[in-house]
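Working notes for the structure below.
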């Protein structure tokens, strides 16, 4: 049985592309999940929960914090990750 191993150039293109794409994907994913979770959890809560002084459920607060951290990590580390991915992409072996 003959198996072919990927060449180093083909192998090394995955990491730079992932490093360049994940910040945008993370921001889009966190915004989409925020909208979905708040729509679902907003329809489950009682009608009088729309008051600004009403307490927020711990599940909703926890999800909002988690999604904020995902979005903040994507926005904060995104430029660094994109630059590193671009450098790796340009300097890979041909």
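Values in this text are rule-based calculations from the coordinates and carry no lab data. Because the structure is a prediction, the values reported are computed rather than measured. Note that each Cβ is placed from the backbone with ideal geometry, even for glycine, and that neighbours are counted across all protein chains shown.
Observations
- For residue 91 and residue 53, the difference between the fully extended length at 0.36 nm per residue and the C-alpha to C-alpha distance is 8.2 nm.
- Here the simple spin-label model places points 7 Å from the Cα toward Cβ, and for residue 28 and residue 40 these points are separated by 2.1 nm.
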